[in-house]
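Every number here is computed from the coordinates shown, using simple stated rules; none is lab data. Treat the numbers as computed from the prediction; the structure is a model and nothing was measured. A quick note on method: Cβ atoms are made from the backbone with ideal geometry, for glycine too, and the neighbour counts reach across all protein chains shown.
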Amino acid sequence: MEISALQKARYAYRPKLPVILTGPVSDIAIEFGTPTESVADQADLRALFKHSYGKPLARFVKGKNDKITRRLTVGVILSGGQAPGGHNVIAGLYDGLKKGNKDSKLLGFLGGPSGLIENKVVEITDAFMDEYRNTGGFDMIGSGRTKIETPEQFAASLETAKKLGLDAVVIIGGDDSNTNAALLAEYFLEKGEKIQVIGCPKTIDGDLKNEHIETSFGFDTATKTYSELIGNIERDANSAKKYWHFIKLMGRSASHIALECALQTQPNICLISEEVEAKKLSLGQIVDQICDSIVKRAANKENFGVVLIPEGLVEFVPEMKKLIAELNDLMAHYADEFAGLSGFETQAAWLGKKLSAESAKVFASLPAEIAKQLLMDRDPHGNVQVSRIETEKLLIGMVEQRLAELKKTGSYTGKFSALAHFFGYEGRCAFPSNFDADYTYALGFTAFVLIASGLTGYLSSVKNLTAPADQWVAGGVPLTMMMNMEQRHGSKKPVIRKALVELDGKPFKAFAAKRAEWAVKTSFLFPGAIQYYGPSEVCDQPTKTLILEHS
Ligand code: FBP
């Protein structure tokens with residue numbers, strides 16, 4: 001296989017670890033805190049997780065650990081969307097297992113959770129592992145979005161685990177996949193089986209975080225990749241001075257990616273979905289806000305600019321949120337009837353009768369393409385596929401209309417030519433930044449220590465991330481601690497609570513303090529491409545979000 005010069009060089013990169021993980025493994029002991037509670041709905045969750053609810057926080061400290069060198073067989077799953085660093089979680093886990101006992105084995109389940117259900121597996125060897133160290137992508141074993149939810153799927157997962165003689169399963173995933181990890185851990189305990197389940201916090205979206213999980217891996221590399229591209233577009237806009245660029249950014253519901261990119265590139269506008277919801281802004285008001293900047297910049301003869309749009313925006317505009325919630329419920333409750341309706345016209349007529357009067361009006365007012373996108377299949381976890389809704393085009397169309405009205409009144413005399421972009425997949429498989437390469441390797445190694453110490457139902461946790469890696473603090477967070485009950489597929493389900501942008505948090509406040517100036521005055525910042533080699537202030541910086549949150 002031909003490989004690039006950078007890939008060859010990255011093979012030689014040695015990820016940095018917290019000091020506790022660098023010595024003999026038998027010197028890593030676990031210190032437990034007091035029992036924990038879930039973030040909400042304690043009674044419901046206690047009843048659902050009878051055997052695994054409320055475990056204490058675990059932290060690694062120097063001390064004797066006799067269990068850790070026993071021979072283990074572990075299965076690993078990459079779950080959900082790709083995020084830079086996934087291969088290094090596997091590398092950290094693999095190296096930890098081999099350091100504990102050279103006869104321990106790591107098996108990779110192919111294609112995500114379905115690999116466990118269907119027993120599709122490959123053994124990870126030294127040579128196989130070495131091909132993927134410090135590389136982006138999930139192509140080593142593949143990923144998938146299958147949810148383990150039916151009794152048959154749980155039973156099949158147990159059967160596979162027993163057949164393979166597994167001591168533990170590691171699920172590398174986001175909030176939904178780690179909810180699955182919690183359910184699987186509970187199921188194995190319920191069945192009296194010793195197979196442990198440990199999760200690792202993955203997702204470019206940055207929405208799997210809390211006091212104990214400072215960030216999910218992949219967010220660092222993905223936002224740096226998008227910011228490079230946004231900076232390049234800003235410079236092009238400032239050179240040609242003729243286009244407004246509307247850039248939608250991945251991230252599902254949360255606007256962490258958009259906010260981080262705004263802090264890195266200082267665009268004219270960055271919409272934050274959580275603020276739209278808090279202020280109950282309608283689509284019309286959002287359009288007015290964008291037009292205000294366009295009109296003011298046109299008065300300065302600057303008929304160009306950059307607008308960042310979080311992909312989940314439509315879910316937070318009150319009238320759209322209500323409509324989407326009603327659509328989700330209708331499409332779940334009348335799944336067969338809905339599937340039998342042929343063509344958009346028929347579906348729209350059917351919905352016109354079933355939706356509330358208010359939502360029916362909103363649905364009818366949307367451009368047909370956007371209305372069709374709202375009806376696309378939900379993902380296996382019941383989420384609307386916001387990546388596929390062309391919000392950037394919807395906003396461009398509405399801005400054009402509004403500017404035409406303003407032109408008639410004479411309050412706008414500029415020129416408006418807009419281009420739509422969507423950045424998402426471009427950032428999910430980049431070579432992990434040094435931060436993500438180190439962080440993921442540490443998460444994988446931590447998962448090994450949790451398993452070898454006999455824990456189950458925990459998420460691998462590495463904290464103190466703004467300090468140099470040797471000072472990072474490793475341990476485990478009980479999965480049930482992060483859970484609450486939410487409406488999914490038309491009924492209440494236990495899920496890990498998503499962390500959305502906090503409007504009283506430091507990253508949002510830093511952005512809010514500058515945005516009025518950026519809206520009018522060209523203040524673009526050009527971060528350039530991720531650097532893997534060179535001075536530490538260029539190569540090893542964490543995200544602005546992380547730095548601000550810890551300042
Ligand atoms: P995860 O939560 O699985 O990490 O998803 C990340 C993500 O990139 C989202 O930002 C995006 O909405 C979604 O995946 C796109 O899904 P798909 O890869 O199935 O098109």
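Taking the centroid of alpha carbons for each part, segment 376-447 and segment 456-498 are 26 Å apart. Annotation: amide H-H contacts under 5 Å for VAL306 (H modelled 1.01 Å from N, sequence separation of 5 or more, or interchain): HIS245, ASN268, ILE269. Working note: Karplus 6.51/-1.76/1.60 with θ = phi - 60° gives segment 328-345 the couplings 4, 5, 4, 5, 7, 6, 10, 3, 5, 4, 5, 5, x, 7, 9, x, 4, 4 Hz, where Gly and Pro are set to x. Scalar couplings 3J(HN,Hα) for segment 175-191, obtained by applying the Karplus form with A = 6.51, B = -1.76, C = 1.60 to θ = phi - 60°, are 4, 5, 5, 6, 4, 4, 4, 5, 5, 5, 4, 5, 4, 4, 5, 4, 7 Hz; x denotes Gly and Pro.
Sparse packing (at most 15 other Cβ atoms within 10 Å of the Cβ) combined with a DSSP loop state is found for the following trypsin sites (Lys or Arg not before Pro) in segment 218-280: LYS241, LYS242, LYS279, LYS280. Using C-alpha pairs below 8 Å separated by at least 6 residues, the relative contact order for the chain is 24 percent. Report the local net charge at PRO113: Lys and Arg +1, Asp and Glu -1, summed over other residues whose C-beta lies under 15 Å from its C-beta. Taking every other residue near PRO113 into account, the sum is -3.
Taking amide H as placed 1.01 Å from N in the peptide plane, ALA418 has its amide H under 5 Å from the amide H of TRP244, each at least 5 places away in sequence or on another chain. Once backbone amide H atoms are built at 1.01 Å from N, GLN487 has LYS493 as its partners under 5 Å, excluding neighbours fewer than 5 places away on the same chain. Computed on the Cα atoms alone, the convex hull of segment 384-471 gives a volume of 207 cubic angstrom per residue. For ILE530, the shell of other residues with beta-carbons less than 10 Å away shows a net charge of -2, using +1 for Lys and Arg and -1 for Asp and Glu. Using C-alpha pairs below 8 Å separated by at least 6 residues, the relative contact order for segment 254-387 is 23 percent. Summary of packing: across the peptides 377-388, 82-93, the per-residue average of other C-beta atoms within 10 Å ranks them, highest first, as 82-93, 377-388. Along segment 66-73 the Karplus relation, 6.51 cos²θ - 1.76 cosθ + 1.60 evaluated at θ = phi - 60°, assigns HN-Hα couplings of 6, 5, 5, 9, 6, 6, 10, 10 Hz to successive residues, with x for each Gly and Pro.
Filter the GluC sites (Glu not before Pro) in segment 168-230 to those in DSSP coil with at most 11 other Cβ atoms within 10 Å of their Cβ, and list the result. The qualifying sites are GLU211.
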